[in-house]
């Protein structure tokens with residue numbers, strides 16, 4: 001009886017261990033998700049342990065001359081709305097993505113620095129746009 005109880009407990013622990021989430025990791029999150037266009041340049045990543053959900057936030061940049069194609073990729077892949085001119089820069093609300101394999105969720109946003117460029121066709125005049133990708137390894 002005792003061996004059977006021990007075996008049941010061991011089996012339950014093994015099954016539950018499959019539900020555990022790994023520690024947050026940093027790095028090129030878009031490359032990890034897959035299909036990252038070459039025009040997107042990975043810059044850095046930081047684990048934000050003091051924020052809800054302990055996000056890993058990766059920073060990328062893309063040249064203004066490639067911004068339209070990257071915007072289209074982010075819209076298709078992550079449901080990010082089109083960039084709009086607001087005040088002094090181009091930006092959009094966050095897009096999102098949920099990885100069914102890992103259970104991690106991601107938010108993605110793209111924006112420019114402050115710029116006087118007010119027409120899309122002039123985006124090549126903007127040196128760089130920035131992309132922030134946050135991965136949440138804990139439930140908020």
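The values are calculated or read from the model by the stated rules, or taken from the named source; none is laboratory data. Bear in mind that the values here come from a model prediction, so they are computed numbers and not experimental data. Note that each Cβ is placed from the backbone with ideal geometry, even for glycine, and that neighbours are counted across all protein chains shown.
Observations on the structure shown:
- The set of residues from the range 26-47 being touching a residue at least 60 places away in the same chain (Cβ under 8 Å) and either outside any loop (DSSP other than H, G, I, E, B) or under 13 Å from residue 134 (Cβ atoms) (or both) comprises 29, 30, 33.
- Candidates 47, 40, 14, filtered to the one that is touching a helix residue (DSSP H, G or I) at 6+ places or on another chain (Cβ under 9 Å) and either at pLDDT below 95 or at negative phi (or both): 40
- Whichever residue in the range 103-140 is part of a loop (DSSP other than H, G, I, E, B) and within 19 Å of residue 51 (Cβ to Cβ) and, among such residues, is modelled with the lowest pLDDT: 140
- Here the range 79-129 is the region considered, the condition is being in contact (Cβ under 8 Å) with a residue 60 or more places away in the chain and under 19 Å from residue 40 (Cα atoms), and the residue that is surrounded by the most Cβ atoms within 10 Å (Cβ to Cβ) is 129.
- The range 18-36: number of residues that are modelled with pLDDT under 90 and within 22 Å of residue 66 (Cβ to Cβ): 4
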